[in-house]
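Scroll down for the structure; my scribbles are underneath it.
The values are calculated or read from the model by the stated rules, or taken from the named source; none is laboratory data. This one's a predicted model, so the numbers in the text were calculated from it and none came from an experiment. Every residue, glycine among them, receives a Cβ derived from its backbone with ideal geometry; neighbour counts consider all protein chains shown. These accessible areas exclude ligands, DNA and RNA; they are computed on the full protein's heavy atoms, side chains included. Shrake-Rupley method; radii C 1.70, N 1.55, O 1.52, S 1.80 Å.
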Amino acid sequence: MCVMNNSHRRIAILLAAYNGEDYLLEQISSILNQVDVQCDIYISLDKSIDESYQLLLDLAQCHENIKLLSYGETYGSAGQNFFRLLKEVDFSGYDYVAFADQDDIWLKDKLSSAVTMLNSRGCDGYSSNVTAFWEDGREKEIVKSSPQSRFDFLFESAGPGCTFVMTRRLALDIKQFLIDIGEQVEDIWLHDWFCYAFARAQGYSWIIDSNSYMRYRQHSANSVGANSGLDSLLKRINSVMSGDAFDKVIKQASILGLDILEPIQLIQCGSFRSSAKLLSLANQCRRDNKDKVLFFMAVLCSSFGRSNQCRD
């Protein structure tokens, strides 16, 4: 159980679920076993065809710190489900807000370690590396803690959202923004990338921990997974060639009022000269060296695709 001590920091955990009966119990148990924090779990269940709803009802009846939001709506994606949680949950009385997926396993000091780092560094946003694991027994450390760059938030998240812990003031700022933009929320793709981009755009400081405090389950139902292997690389290349990747970048930047920034202006211009300029900024647009190379290639592919379309 979470330690219920008023001297400890209070954390609202937002958990988005969908058809998760095979994993929810193990994930929630690992959250309830967090040490040195006081936490409440708020759960939004997208309309499911398995027994997730009954499972969560039973858990909520047994644990007063598990709160199940009204059930019956279809949100269509994990991102939209998390936005529902951000907009509807009243976390104004908590010190921190954290995200949780339905199928991971948290180490017992995941939250307390995040709080310690946020306090010691004076930051408002926290994320970390994770340990991906597969059903066949494979494990892999997913490193997201490469040094932040000037424009990385325009193109990527600070890591998996399930590692995010945010101060109350940042979370409340995000909530208000989501409420203010109304139906535009439906145009946002990923909740974690959006929250990181919002934080950086508004001048909040963000720390990415090089440690891993959770096991990040990989399976066929992952919305966005560890992005490893040839299949993942080919999907990313196809997304760039189709223009979908940069379309998502432009759309989110526009919602956040960041379309005045140089990389977005260059993407929107679409000329060979602007592409060449964007190539020169590759080092400032991603964190990991490998991703910087992939970004460079993505700009080249996108430019090549546009030239082919012009010839057609």
(request) Answer with yes or no whether residue 179 is closer than 25 Å to residue 117 by Cα and either surrounded by fewer than 19 Cβ atoms within 10 Å (Cβ to Cβ) or of a type outside the set (Phe, Trp, Tyr) (or both). (result) no
(request) Filter segment 256-290 for residues that are in a helix (DSSP H, G or I), in contact (Cβ under 8 Å) with a residue 40 or more places away in the chain and crowded, with 19+ Cβ neighbours inside 10 Å and give the result. (result) 263, 264, 285
(message) Against the conditions (1) open to solvent by 60 Å² or more (accessible area, probe 1.4 Å); (2) touching a Ser or Thr at 6+ places or on another chain (Cβ under 7 Å), where does residue 124 fall short? Just the number, please.
(response) (1)
(request) Can you tell me which residue among 155, 91, 151 is within 29 Å of residue 48 (Cβ to Cβ), among the aromatic types (Phe, Trp, Tyr) and either without any contact (Cβ under 8 Å) to a residue 40 or more places away in the chain or open to solvent by less than 30 Å² (accessible area, probe 1.4 Å) (or both)? (result) 91
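Mind telling me which of the residues 174, 188, 208 ends up being touching a Leu at 6+ places or on another chain (Cβ under 7 Å) and buried (at least 21 other Cβ atoms within 10 Å of the Cβ)?
Only one candidate qualifies: 174.
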(request) Scan segment 68-88 for residues that are buried (at least 16 other Cβ atoms within 10 Å of the Cβ) and of a type in the set (Lys, Arg) and jot them down. (result) 84
(request) Could you please give the count of residues in segment 49-90 that are of a type in the set (Ser, Thr, Tyr) and in a helix (DSSP H, G or I)? (result) 2
(message) Quick check on this structure: which one of 203, 182 is closer than 25 Å to residue 259 by Cβ, outside any helix (DSSP H, G or I), without any contact (Cβ under 8 Å) to a residue 24 or more places away in the chain and of a type outside the set (D, E, K, R)?
(response) 203
(request) Examine segment 74-86 for a residue that is among the aliphatic types (A, V, I, L, M) and more than 21 Å from residue 188 (Cα to Cα), and state whether such a residue exists. (result) no
(request) Select, from 150, 138, 121, the only residue that is in contact with a strand residue (DSSP E or B) (Cβ under 7 Å, 6 or more places away or on another chain) and closer than 24 Å to residue 288 by Cα. (result) 121
(request) Taking the residues in segment 134-148 that are assigned to a strand (DSSP E or B) and open to solvent by 20 Å² or more (accessible area, probe 1.4 Å) as candidates, determine which candidate is nearest to residue 282 (Cα to Cα). (result) 141
(request) Those residues that are of a type in the set (Lys, Arg) and either at pLDDT below 55 or open to solvent by less than 40 Å² (accessible area, probe 1.4 Å) (or both), I need them from segment 236-255; list them, please. (result) 236
(message) All but one of (1) in a helix (DSSP H, G or I); (2) open to solvent by 60 Å² or more (accessible area, probe 1.4 Å); (3) over 30 Å from residue 182 (Cβ atoms) hold for residue 21; state the number of the condition that does not hold.
(response) (1)
(message) Every residue in segment 93-118 that is within 9 Å of residue 214 (Cα to Cα) and part of a helix (DSSP H, G or I), please.
(response) 110
(message) Looking at 146, 127, 112 in this structure, which one is touching a Phe, Trp or Tyr at 6+ places or on another chain (Cβ under 6 Å), in contact (Cβ under 8 Å) with a residue 40 or more places away in the chain and of a type in the set (Ser, Thr, Tyr)?
(response) 127
